[in-house]
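Before any comments, here is the structure.
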Amino acid sequence: MIGKQDRSQRSLFIPGTIEDFIPEDHILKRVDKVLDLSWLREEVEDSYCEENGRPGIDPESAVRLMLAGFFHGIVHDRKLMREAQVNLAIRWFSGYGLGERLPDHSSLTRIRQRWGVERFRRIFLKSVESCVAAGLVTCETVHADATLIRADVSWESLTTEYADTSFESNMEDNAEQQSKEKRGKKRSTTDPDATMTTSSKENRMEPCYKQHSAVDDKAGVVVGVEVTTGEVNEGGKLLEMVESVENATGNKVNCVTGDAGYAHPHNYRALEERGTDAVIPPQNMGRARKGMHISRFKYDSQNDVVRCPAGKKLCRATPAKNGWKYRAKRRDCRGCRFESECVPASAKVRTILIVDGYPSLLRARRRRTRWDDEHRIYNRHRFRVEGMHGEAKTQHGLRRAVRRGLANVAIQVYLTAAVINLKRLAGRFLSILLHVFQAIRQRMRRLSPITVDFINCYGLIPKHPCIS
């Protein structure tokens, strides 16, 4: 028989509380069990005046509203407040009843401006501490990676800035440097912090910010995050990320993974010195532009000399930007059977640049040929940290910056990382409950039917919708 539903909705008073109408497995209800913001009021107390002004929004309610929006992928304040008007779960999670007036969307903007980026970084760090206390973080293996966030600017706002090239320089590549500066850099007039960059040569350059992330291998918890302009190289931020992870978790990072963008010689050397295993594939040795390839020269780190294919020594000569130049003697190169192949036509002797950390780079290349267990660890790097970036962009609105300026983008990144950690923490809490409930019910099977009926009748064992 076809049913018929009365849609007039004449009932005004509904028995019970708002919580009764929210499913037990709703994400906000699960997160509410593990979210602790009791410290926040004291943290932001200095941002308010105790004697003047009208009462402001409860700090915990404001943060809960922002977090609820990110959980649902709502990053714009206007849309969030419109959704909160009709969404019972958001109202309950943020502490507003059905008859209470919600704050204006501009109040959240003023709160972000008043608190500053450091307060939201503390919210993220508190989520990391909660995950560490729950046993979700070990720092046995940490995966590092970077991703681009498209800035909230239009193409029409881009303009070209030209640098002043009137000064004289003694650099060897002065002509090339001035040529680049004459071409200028494109920058947005509405968001000067965003810089032009791209993730691959096949894609065009766009105004972007760069998010540097570190994810623990055990449960995918984000243990470190930082936002920079798009032109900052991620390889130079690796050691800072490792140190920030250790400060946030209180644990030593035993192994760190990264893609070829982190394969810098100074990274290999620094990680060796601090006792951290580096699972980072070294970049392939490129072709020699002029003369014989550097791979045919052997570097002796103990005697600090370089030996050419003919067995002659190249001694340390002049410092360079990222290492030292080793130069051969004129009498060794003159008449050598490799002179035409080795020495460039514009030079009289062969010069080799040995970058800082070159011995560590050579060890990493030899180790790469013997990768066994490292392959498994590096494969986990792909779905752990790159998967986290995909999750943040597709589910939590981080594909594009919602506000302008480095500080505003950093706040968006910190809240998104905190939301991802709270999801991991809520899942851990739920798995513990499921394990406990299942263990209890297995024991109940050994009891008599009369005892089981008594326990179920008086609700001594709580029921959960995920447990059959």
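The values are calculated or read from the model by the stated rules, or taken from the named source; none is laboratory data. All of these numbers come straight from a predicted model, not from anything done at the bench. Backbone-built Cβ (ideal geometry, glycine too); neighbour counts: all protein chains shown.
A few remarks follow.
- Test result for Asn284, outside any strand (DSSP E or B), buried (at least 23 other Cβ atoms within 10 Å of the Cβ) and touching a helix residue (DSSP H, G or I) at 6+ places or on another chain (Cβ under 9 Å): no
- Counting the residues of the range 70-88 that are part of a helix (DSSP H, G or I) and at positive phi gives 0.
- Helices (runs of 4 or more DSSP H) fully within the range 103-222 that include at least 1 residues being modelled with pLDDT of 90 or more and surrounded by 13 or more Cβ atoms within 10 Å (Cβ to Cβ): 105-115, 117-133.
- Inside the range 113-150, residues that are more than 15 Å from the chain's Cα centre (by Cα), under 15 Å from Val223 (Cα atoms) and small (Gly, Ala, Ser) make up a count of 4.
- Qualifying residue in the range 243-256 (condition: buried (at least 22 other Cβ atoms within 10 Å of the Cβ) and outside any helix (DSSP H, G or I)): yes
- Number of the exception - Thr394 against (1) assigned to a helix (DSSP H, G or I); (2) touching a strand residue (DSSP E or B) at 6+ places or on another chain (Cβ under 9 Å); (3) within 30 Å of Asp191 (Cα to Cα): (2)
- Being in a loop (DSSP other than H, G, I, E, B) and within 39 Å of the chain's Cα centre (by Cα) holds for only one residue in Arg370, Arg365, and it is Arg370.
- In the range 28-48, the qualifying residues are those that are outside any loop (DSSP other than H, G, I, E, B) and of a type in the set (Asp, Glu), and the one that is nearest to Leu65 (Cα to Cα) is Asp32.
- If the condition is being touching a residue at least 12 places away in the same chain (Cβ under 8 Å), out of contact with any Pro (no Cβ under 6 Å at 6 or more places or on another chain) and of a type in the set (Val, Ile, Thr), then the range 317-368 contributes Val343, Val349, Thr351, Ile352, Ile354.
- Only one of the numbered conditions (1) assigned to a loop (DSSP other than H, G, I, E, B); (2) in contact with a helix residue (DSSP H, G or I) (Cβ under 8 Å, 6 or more places away or on another chain) is violated by Leu67, and that is (1).
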